[in-house]
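What follows is one structure encoded as C-alpha cells, with my remarks underneath.
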Amino acid sequence: MICTILVATPVALALSVPLYQHTEPTLGGLPFFYWFQMTMAIAAACGCGATYYIAFRNEPEIGDAQ
C-alpha cells in the first residue's frame, strides 16, 4: 500500500494540469509550471527508489552463500 502511494502521488499531481497551470511564483527565473514538473519528476524517482528498497530489502544479494 505504501509503495502505491509513494509512486502514484507524484504521478497524479503531475497529471492534474489545472493545479499548476500558472506562471507565478517563479523560482530562479523559471515559471511555476516548469519547476513543479521537475519537482514531481524527482519525487517520482525518489518514490520508485524507496519502493524498490521496501520491496527487495529482505532479498539476498546475488552470489551470497546462505
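The values are calculated or read from the model by the stated rules, or taken from the named source; none is laboratory data. Predicted model only: the values in this text are computed from it and were never measured. Heads up, the Cβs are rebuilt from the backbone with ideal geometry, glycines too, and the neighbour counts pull from every protein chain shown. What goes into the accessible areas is simple: the full protein's heavy atoms, side chains included, and nothing from ligands, DNA or RNA. Shrake-Rupley method; radii C 1.70, N 1.55, O 1.52, S 1.80 Å.
Per residue, the solvent-accessible area of the chain (1.4 Å probe, heavy atoms of protein chains only, all protein chains present) comes to 78 Å². Computed from label points 7 Å out along Cα-Cβ, the spacing between Thr9 and Ile62 is 3.2 nm. With contributions of -39500 (n - 2.57) from each DSSP H run of at least four residues, the per-residue ellipticity at 222 nm computed over the chain stands at -21000 deg cm²/dmol.
Please report, in cubic angstrom per residue, the volume enclosed by the convex hull of the alpha-carbon atoms of the chain.
Values: hull volume 6.2 nm³, N = 66.
Cα-based convex hull of the chain, divided per residue, equals 94 Å³.
Protein heavy-atom surface of the chain, 1.4 angstrom probe: 69% of the accessible area is carbon and sulfur, with nucleic acids and ligands not counted. Note on Ile54: accessible area approximately 50 square angstrom, rounded to 10, probe 1.4 Å, nucleic acids and ligands left out. Computing FRET efficiency as 1/(1 + (r/R0)^6) for Ser16 and Ile54, where r is the C-beta to C-beta distance and R0 is 35 Å, gives about 0.85.
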